[in-house]
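Written below as structure tokens is the structure these notes are about.
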Amino acid sequence: MPVGIDDMAIYVPKLYIDYKDFAEARGIDPQKLEYGIGIKKMALADANQDPASMAANACMRLMKNNDLNPQDIGRIYVATESGLDESKAMNSFVIGMLEQVYGESTLEHAGGIECKFACVSGSYALYDNTNWIRAGESNDKAAIVIVSDIAKYDIGSAGEYTQGAGAVALLIKENPRLLSFDEKVTSTIIKNEYDFYRPIGKETPLVNGLYSNLLYLIQVRKALETYKEKAIKSGIIKLGNDESIIDHIDYISVHLPYRRMGEKALAYLLRHEWRHLSRWEDIISEIGTDEPLPKDPRGTIESILADTDFMKADEKFRREFMKTKHYKEIFDSKMSSSLQASAVIGNLYTASMYMGLRSLLEFEFLKGVDLFNKRIGFGSYGSGCSAMVFSGVIQENYKDLVKRMNLEKDIGQRTKISIKDYEILHKNTRKYDEAFLNAEDEFILINIGGTTADRAGFREYCYAS
Ligand code: COA
């Protein structure tokens, strides 16, 4: 019995900042943002929006698009690293908002939790809910997994140009119309690390960006090794002589803190996969130099990062590798479509890989490619850290859903704000009743904290029609 993603819906706040304005304000070359990071517009949550309202908006769209009634849904999970409360789970806020529209207690049976593990938790939530259905526990109901986040970094930090905001809601069912997950291949890896973390009470993360980038690549590669063993054992992939697992995966969708990171992750994985294959000779002759080796190939991440000669040589080699015809062919055919949304929305933490999936489907469909039976490999990463590699196959009825995907239309008319206004929003000095935009047909935050002590910290929302 296939189980997987039946449909998906997105919600992206309409406010954004433009990369050229940002570059000018921070004294950065705009080319660095456009090409070095791969960002043109960063979505920003308005003063009356938060990760819970964005999650409820994505969920409501999913329910409306599919004529779902509360009784059709057995579980609602929210994965986020922008938690609003140390105890109260974000899905409870979402249930509260949805019940304002569908009626009191209409979703009381739809249990669930808020899941946290930086950007990878949505993938764990999907896996667990898929297995809930596979195990026959769902009583013919569907599960909804919502990934929702606001990526917010300190003003003036290197992370500031990798911000963004948005949510994706995924409908998980038997016999899905969009994508069926491959069974018995999902692979995870976990390690206690401090590459990116946000101590309790702190609104922005503490980040070791370059360390985090390398950790992401290593952990996804390790999870891919286990995936490979499982995929071969389960028989979904038969590896011939001189072949790489990536030859058998039609599309690759990875965690996207920013667009360029996707390109770099692909380069890293391909180098690892191809190094021992005959095509490597071609690649090396096209590049014109051998692949550099660190002084201590068995060293730690710290020792590799401290090996500055190697790091420089390796970066140079990687850039040359990314210009080779072998890399470009794989990038254009297997990854490029998944990166388009990232460039105009920015980082969505838990939601970024799923926005990438949505982007892949929409833009490959527009190219006129027949997507039926194509396998997508996913490389999900969360700092702290854990990676998950899994795959799924696009189903016969995908066209009915993909043909109505339209990123521009689904985001809606966007409003650019000045860097000065962005900085005001960033400082949280603008209150929920001082939003820049008038909300229409969506949930918004209308109050925080009641007038009496027993309502301290209460968050109240309404559906603005
Ligand atoms: N024109 C074009 N490209 C330029 C440029 C210019 N004028 N100046 C720099 N660049 C390129 C660099 O060459 C580099 O490209 P490369 O990746 O191909 O090497 C890229 O811009 C990034 O610049 P760099 O100086 O290497 O990094 P940074 O100090 O700007 O930091 C991050 C980048 C991602 C580490 C930082 O934004 C960050 O910490 N982000 C938050 C954490 C994160 O996203 N982690 C990811 C793992 S989950």
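If you go through region 403-424 one residue at a time, do you hit one that is closer than 30 Å to residue 224 by Cβ and modelled with pLDDT of 95 or more?
yes
Before we move on, is residue 444 closer than 14 Å to residue 45 by Cα and either among the charged types (D, E, K, R) or touching a residue at least 60 places away in the same chain (Cβ under 8 Å) (or both)? The answer is yes for residue 444.
Hey, does region 88-95 have a residue that's open to solvent by less than 40 Å² (accessible area, probe 1.4 Å), away from the ligand (no atom under 16 Å from the Cβ), farther than 26 Å from residue 359 by Cα and in a loop (DSSP other than H, G, I, E, B)? Scanning region 88-95 turns up at least one residue that is open to solvent by less than 40 Å² (accessible area, probe 1.4 Å), away from the ligand (no atom under 16 Å from the Cβ), farther than 26 Å from residue 359 by Cα and in a loop (DSSP other than H, G, I, E, B). Looking for whichever is hydroxyl-bearing (Ser, Thr, Tyr) and surrounded by 14 or more Cβ atoms within 10 Å (Cβ to Cβ) here; the options are 324, 300, 289. Which one fits? Of 324, 300, 289, the one residue that is hydroxyl-bearing (Ser, Thr, Tyr) and surrounded by 14 or more Cβ atoms within 10 Å (Cβ to Cβ) is 324. Being away from the ligand (no atom under 16 Å from the Cβ) and polar (S, T, N, Q) is the filter; apply it to region 221-278 and report the residue that is nearest to residue 121 (Cα to Cα). Only one residue fits best here, namely 226. A single member of 16, 11 is open to solvent by 20 Å² or more (accessible area, probe 1.4 Å) and of a type outside the set (A, V, I, L, M), and it is 16.
Looking for whichever is away from the ligand (no atom under 16 Å from the Cβ) and at pLDDT 95 or above here; the options are 11, 19. Which one fits? So that I can check it myself, show each step before the final result.
On the way: 19 fails: away from the ligand (no atom under 16 Å from the Cβ).
Just one listed residue meets the conditions, 11.
Filtering region 176-204 to residues that are near the ligand (Cβ under 10 Å from one of its atoms) and free of Cβ contacts under 8 Å to residues at least 60 places away in the same chain leaves nothing. Residue pairs whose Cβ atoms lie under 7 Å apart, sitting 6 or more positions apart in sequence or on different chains, and linking a residue in region 227-255 that is on the phi > 0 side of the Ramachandran plot to a partner that is outside any helix (DSSP H, G or I), are 242/277; 242/278. Residue check: is residue 363 over 20 Å from residue 125 (Cβ atoms), at pLDDT 95 or above and either among the hydrophobic types (A, V, I, L, M, F, W, C) or within 16 Å of the ligand (Cβ to nearest atom) (or both)? When the stated conditions are applied, residue 363 passes them.
Would it be correct to say that residue 151 is crowded, with 24+ Cβ neighbours inside 10 Å and either more than 28 Å from residue 47 (Cβ to Cβ) or among the charged types (D, E, K, R) (or both)?
On the way: crowded, with 24+ Cβ neighbours inside 10 Å: yes; either more than 28 Å from residue 47 (Cβ to Cβ) or among the charged types (D, E, K, R) (or both): no.
Taking the combined requirement at face value, the residue does not satisfy it.
Given the structure, is residue 308 surrounded by fewer than 17 Cβ atoms within 10 Å (Cβ to Cβ), among the polar types (S, T, N, Q) and farther than 22 Å from residue 277 by Cα? Please lay out each step first, then the result.
On the way: surrounded by fewer than 17 Cβ atoms within 10 Å (Cβ to Cβ): yes; among the polar types (S, T, N, Q): yes; farther than 22 Å from residue 277 by Cα: yes.
It is true that residue 308 is surrounded by fewer than 17 Cβ atoms within 10 Å (Cβ to Cβ), among the polar types (S, T, N, Q) and farther than 22 Å from residue 277 by Cα.
Looking only at residues of region 40-74 that are open to solvent by less than 10 Å² (accessible area, probe 1.4 Å) and within 17 Å of the chain's Cα centre (by Cα), we find that the one that is nearest to the ligand (Cβ to nearest atom) is 42. Cβ separations smaller than 7 Å between residues 6+ apart or across chains give the following pairs from region 260-287 residues that are among the charged types (D, E, K, R) to residues that are part of a helix (DSSP H, G or I) and within 14 Å of the ligand (Cβ to nearest atom): 260/36; 260/37; 263/331; 271/321.
Given the options 17, 28, 39, name the one that is part of a strand (DSSP E or B) and hydrophobic (A, V, I, L, M, F, W, C). None of the other options fit; the residue is 17. Just one of (1) open to solvent by 10 Å² or more (accessible area, probe 1.4 Å); (2) within 16 Å of the ligand (Cβ to nearest atom) fails for residue 79. It is (1).
The values are calculated or read from the model by the stated rules, or taken from the named source; none is laboratory data. Fair warning: this is a prediction, and the values are worked out from it, not measured in the lab. All Cβ positions, glycine included, derive from the backbone under ideal geometry; neighbour counts span all protein chains shown. When the accessible area is computed, the model is the full protein with side chains, heavy atoms only, and any ligands, DNA or RNA have been set aside. Shrake-Rupley method; radii C 1.70, N 1.55, O 1.52, S 1.80 Å.
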